[in-house]
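The values are calculated or read from the model by the stated rules, or taken from the named source; none is laboratory data. A quick note: this is a predicted structure, and the numbers were derived from the prediction, not measured. Cβ coordinates were reconstructed from backbone atoms using ideal geometry, including for glycine residues, and neighbour counts include every protein chain displayed. Quick note on the areas: whole protein, heavy atoms, side chains included, nothing else; ligands and nucleic acids left out. Shrake-Rupley method; radii C 1.70, N 1.55, O 1.52, S 1.80 Å.
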Amino acid sequence: MPSAQLAVACKRKIILYHWLKKGPPQEVKEINLYDVPKAMVFHGQGYSDKIYIGFKGKYCQLHVSSEQVKDMLCTGRQLEATMLWVDKETVAICKDEWSILLAEDGKPYQDEFKSNIKWCDCPTALLYCKPYIAAVINKGIEVKTIQLVDPIQVIELPKVKLVAHDKRMFVASATHLWELKLNDLVYQVDKLISLKQFELAETLNKMSHERGGDHEHASRQRTVINTQAAYHEFINKRYEKSMTRFQKTNVEVANVIGLFPDLLSKKMQDKQVYPAEIVEARKYLTTKDIETGLEALEKYLVAKRFDLNKYEEEVENSKQTKIIIDTTLLKCYLQNKPKMVASLLRLKDNECHIVESERALKRARRMNDIIILYKSKGLHEKALTVLKQYANMQNTQKTRAGRSRTYHQVFTGSGT
């Protein structure tokens, strides 16, 4: 297996060279083509068998081993081919105002992390400097990222023809040469947070950490990103993503729960403080929103409960937090998954708040679950009192007597 490979376009043919670990490059193959290549890139990881070739007016895919050339698509209004190796899995090819991102199988990406890029004009050259991708257009340079639809920046430069990038970025016209410099990563992250571009802020924050930046500051920025992104996702009713973000923050559990109505006690709810836009968004939650949101909240609470059990000694006020989590889980299950209520109450380590839980269970008329609640707390006499209190809900006196007798047998071991 060669350590590197090189393809050289020479008129209507491609000459392939391989570098071994030792020695000079070796010519291994010549492949004849039907036209003169204008642009080409390897595609794939390590040694690649595929080369994308741009001819005048269209793009093709060459399989090196079989020497077969397959037509892909035309270049559009601009006859000159423009293409770019983005990373080991991605190649960008241009058609009119679009850069189409191709996966390793040669098909366009169809996900939220990589999608086709639309420029304000037809690109004549592309440049990738992670995480930014830049295009040479009539105005100068347009800068975007693979994830974002809107342009990040348009740099007006006259008649730019060429771009080049290694550790530094250069653009050139027939008469001028410019160097493009990135702003400080910390500044960029703060700016992106203010613009609510959280995914890109997260990428740059990670890059700052990897490049040996202030780790403590990077950690604080990461917390700010996740917190603000979590609230932003909640406002936009993407509750699953919101709860996933909250899982990565140090926001108090009660503050997250308080985003939804009727889960915290009034006293605790009044203590919660939210950004103004969150306060406004909570006013317009529909029944469907709450149902969807509670499903996401359940997953968040279960994950928090697991973490709390694992790191209980390291968490301040862990007992109180667990009471809040379990009591809220109970209320969520009552609304969305009533069959899960008994399972929660039967957990040996459940910390459901007795008064709050009893109130919720009574409101839902879950008498059997109230009995299970008191059994889990060892309050058998109180459970029997509740059972008698609700005995009038049964159809006959015989049924009432039978249930009371059953309770004594189950909880005290006595018979009749």
- Report those strands (runs of 3 or more DSSP E) wholly inside the stretch 152-209 carrying at least 1 residues which are modelled with pLDDT of 85 or more and open to solvent by 80 Å² or more (accessible area, probe 1.4 Å). 153-156, 177-180
- Message: Could you list, ordered by first residue, the pairs with Cβ atoms under 7 Å in which the first is in the stretch 340-355 and at pLDDT 90 or above and the second is open to solvent by 70 Å² or more (accessible area, probe 1.4 Å), at least 6 apart or interchain?
- Response: V341/R366
- Query: Any residue at all in the stretch 165-184 that is basic (K, R), under 19 Å from the mean Cα position of the chain (by Cα) and closer than 30 Å to E97 by Cα?
  - Reply: no
- Query: Would you call V224 open to solvent by 40 Å² or more (accessible area, probe 1.4 Å) and more than 24 Å from V136 (Cα to Cα)?
  - Reply: yes
- Message: Looking only at the stretch 125-151, filter to residues that are open to solvent by less than 20 Å² (accessible area, probe 1.4 Å) and assigned to a loop (DSSP other than H, G, I, E, B); which one of those is nearest to Q78 (Cα to Cα)?
- Response: I137
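Taking into account only those residues within the stretch 107-119 that are open to solvent by 20 Å² or more (accessible area, probe 1.4 Å), touching a strand residue (DSSP E or B) at 6+ places or on another chain (Cβ under 6 Å) and over 17 Å from T203 (Cα atoms), which is modelled with the lowest pLDDT?
Y109
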- Note on the structure: When G44 is run through (1) under 28 Å from K118 (Cβ atoms); (2) modelled with pLDDT of 85 or more; (3) among the small types (G, A, S), the failure sits at (2)
- Does the stretch 257-276 contain any residue that is of a type in the set (S, T, Y) and either more than 20 Å from D349 (Cβ to Cβ) or touching an Asp or Glu at 6+ places or on another chain (Cβ under 7 Å) (or both)? yes
- Item | Verdict on E381 being at pLDDT 75 or above, of a type in the set (D, E, K, R) and assigned to a loop (DSSP other than H, G, I, E, B) | no
- Those residues that are within 14 Å of Y59 (Cβ to Cβ), in contact (Cβ under 8 Å) with a residue 12 or more places away in the chain and not hydrophobic (A, V, I, L, M, F, W, C), I need them from the stretch 75-122; list them, please. T75, G76, Q78, E80, T82, K95, D96, S99, G106
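Let's see how each residue does on (1) more than 24 Å from K107 (Cα to Cα); (2) without any contact (Cβ under 8 Å) to a residue 40 or more places away in the chain; (3) aromatic (F, W, Y); (4) open to solvent by less than 20 Å² (accessible area, probe 1.4 Å):
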| site | (1), (2), (3), (4) |
| --- | --- |
| P24 | yes, yes, no, no |
| A39 | no, no, no, no |
| S48 | no, no, no, yes |
| V64 | no, no, no, yes |
| L73 | no, yes, no, no |
- Message: Between a residue in the stretch 210-227 that is within 15 Å of D184 (Cα to Cα) and assigned to a helix (DSSP H, G or I) and any residue that is β-branched (V, I, T) and open to solvent by less than 60 Å² (accessible area, probe 1.4 Å), which pairs come within a Cβ distance under 6 Å, given they are 6 or more apart or on different chains?
- Response: Q221/V189
- Go through the residues of the stretch 2-22 one by one and say whether even a single one is open to solvent by 50 Å² or more (accessible area, probe 1.4 Å), touching a strand residue (DSSP E or B) at 6+ places or on another chain (Cβ under 8 Å) and under 30 Å from C120 (Cα atoms). no
